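Below you'll find the structure, written out as structure tokens, and then a few comments.
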Amino acid sequence: MFEKVLIANRGEIALRVIRACRELGVRTVAVYSEADRSALHVRFADEAVCIGPPPAKDSYLHIPAVLSAAEITGADAVHPGYGFLAENVGFARALKSHGIAFIGPEPEHLATFGDKLSAKAAAKAAGVPLLPGSAGAVGDADEAAEVAAVVGYPVLLKAAFGGGGKGMRVARSEAELRRSFRVTSVEAEAAFGNGAVFIERFLERPRHVEVQVAGDRFGRAIHLGERDCSLQRRHQKLVEEAPAPNLDDKVRRALHDAAVRLAESSKYVTVGTCEFLVQDDEFFFLEVNPRIQVEHPVTEQVTGIDLVALQIRLAAGEPMPFKQSDIRLKGHAIEVRINAEDPWTFLPSPGLITGYHAPGGLGVRIDAAVHEHATVQPFYDSMVAKLIITAENRTAAIRRMLWAMDEFVVEGIRTTLPLQRQLVSEPMFAAVDYHTKTVDSWVKTRGG
């Protein structure tokens, strides 16, 4: 086991890692920018090092500063959390060259799954179903049109190195495809430094279902159930739950098997998430997130397994401590990620929190790094808290979530809570009558 872990992140995920390390008896080092000098992760880590001014590029994304902090504090491992450097191949390789462990998959896994085309190739090799589309990047609009004629419209133009909904456009005709191709490629180049674009069939009403997997250095892999993340706005997840409701058991088992096959065939190490689109009892590979996910708490709640501690143990070279038969799901968990944003426009709302009260009680979990008089910084991701509810079944979890959201007070800034409160109270949520496009159209009908 590691002796000292540096956490190359901030906010609630940094606190989450600190807690997992305490469970394991591992000392922690926080890094922080000048803007985060009074942040809670700085206060609760065993040590803390300032690594630069507020802009992320000069602090949390500045690899030399993070490496220096690890070396001067004697950290033998670095946990990247999610975002920032969590999927940065160069960072993982730099740590390895300095004899410092990266708490995540091997650099080659980051490279494979960071490129959507190589990820699709790995999934195909593992026998995981893929959406019909181009075998690789398409070179120009003429080639794109040829592929689309075979796949059939509508199609999705997609950046090979994209994420977060950027570098994606739907084309419903050849004329629209030709208009969109160059714009999508230019946007991909600007956002991700690579303009490669590929084509897939566009699904009109898919659900987004992801499977949590974990693998060790001895070739063993297991799944820890699945999560539904279909309620999204502009490709950003708003509500997540485990297990995925109203999913055919045959499809559920096939998803689990496909995810484990992919993890085993790629010799994946530590925790990761295999994401799929599900429609009409068919499912198709979407991508692999080779890190801990924002929504990991819902899986923890229904499995009783600390995923961050498991991630650390597997990165330290320990064998998988569970057999697949040990994984038993109990109850139902729902998470809403609360962002400091206008609930209808999603415009950022940083600033001073003048009032704060978190709900409590049986089955209520809050993962947050804010408090009354804390300042939500304008320099970083806008998430301020995650509210996670667990109950014996989904109906009880929805009821508990509704009153917990009513008790959650955040004043001085705007948050997404009003939007999420309305979503969870909608009949369509209770009936599981939604898909990944539902929220965007739902907001439009309400004038948002």
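Residues that are in a loop (DSSP other than H, G, I, E, B) and farther than 15 Å from residue 198 by Cβ within segment 120-146 comprise 126, 127, 128, 129, listed in sequence order. Every test in (1) over 24 Å from the mean Cα position of the chain (by Cα); (2) assigned to a helix (DSSP H, G or I) is passed by residue 420 save one, and that test is (1). Evaluating residue 396 against the criteria (1) surrounded by 18 or more Cβ atoms within 10 Å (Cβ to Cβ); (2) among the small types (Gly, Ala, Ser); (3) out of contact with any Lys or Arg (no Cβ under 8 Å at 6 or more places or on another chain); (4) farther than 24 Å from residue 9 by Cβ leaves one unmet condition, (1).
Selection within segment 98-119: residues that are of a type in the set (A, V, I, L, M) and in a loop (DSSP other than H, G, I, E, B). The member of this set that is surrounded by the most Cβ atoms within 10 Å (Cβ to Cβ) is 103. One residue stands out among those in segment 32-77 that are out of contact with any Ser or Thr (no Cβ under 8 Å at 6 or more places or on another chain) and β-branched (Val, Ile, Thr): the one that is farthest from residue 97 (Cα to Cα), which is 42.
Looking only at segment 57-75, decide whether some residue is in contact with a strand residue (DSSP E or B) (Cβ under 8 Å, 6 or more places away or on another chain), of a type in the set (D, E, K, R) and not in a helix (DSSP H, G or I). No, there is no match, as no residue in segment 57-75 is in contact with a strand residue (DSSP E or B) (Cβ under 8 Å, 6 or more places away or on another chain), of a type in the set (D, E, K, R) and not in a helix (DSSP H, G or I). For residue 437, the conditions (1) under 23 Å from residue 207 (Cβ atoms); (2) touching a strand residue (DSSP E or B) at 6+ places or on another chain (Cβ under 6 Å) all hold with the exception of (2). One residue alone among 172, 207 is among the basic types (Lys, Arg) and surrounded by fewer than 17 Cβ atoms within 10 Å (Cβ to Cβ), and that residue is 172. Restricting attention to segment 147-184 and to residues that are more than 17 Å from residue 117 (Cβ to Cβ) and part of a loop (DSSP other than H, G, I, E, B), the residue that is nearest to the chain's Cα centre (by Cα) turns out to be 164. In this structure, is residue 340 buried (at least 23 other Cβ atoms within 10 Å of the Cβ), assigned by TED's automatic domain parsing to the domain that holds residue 393 and in contact (Cβ under 8 Å) with a residue 40 or more places away in the chain? Judged against the criteria, residue 340 is a match. For segment 249-352, please list each of the helices (runs of 4 or more DSSP H) lying entirely inside it that holds at least 2 residues being under 30 Å from residue 409 (Cα atoms), modelled with pLDDT of 95 or more and touching a strand residue (DSSP E or B) at 6+ places or on another chain (Cβ under 9 Å). Once the helices (runs of 4 or more DSSP H) in segment 249-352 are filtered for at least 2 residues that are under 30 Å from residue 409 (Cα atoms), modelled with pLDDT of 95 or more and touching a strand residue (DSSP E or B) at 6+ places or on another chain (Cβ under 9 Å), what remains is 296-303, 307-315. Does residue 215 satisfy the condition of being at positive phi, touching a residue at least 60 places away in the same chain (Cβ under 8 Å) and touching a strand residue (DSSP E or B) at 6+ places or on another chain (Cβ under 7 Å)? No.
Scanning segment 409-429 for residues that are among the hydrophobic types (A, V, I, L, M, F, W, C), in contact with a helix residue (DSSP H, G or I) (Cβ under 9 Å, 6 or more places away or on another chain) and surrounded by 14 or more Cβ atoms within 10 Å (Cβ to Cβ) yields 410, 417, 419, 423, 424, 429.
Being of a type in the set (Lys, Arg), modelled with pLDDT of 95 or more and either assigned to a loop (DSSP other than H, G, I, E, B) or under 21 Å from the mean Cα position of the chain (by Cα) (or both) is the requirement here; does residue 414 meet it? Judged against the criteria, residue 414 is a match.
The values are calculated or read from the model by the stated rules, or taken from the named source; none is laboratory data. Please read all numbers here as calculations on a predicted model, not as lab measurements. In this analysis, Cβ positions are derived from the backbone assuming ideal geometry, glycine residues included, and neighbour counts consider all displayed protein chains.
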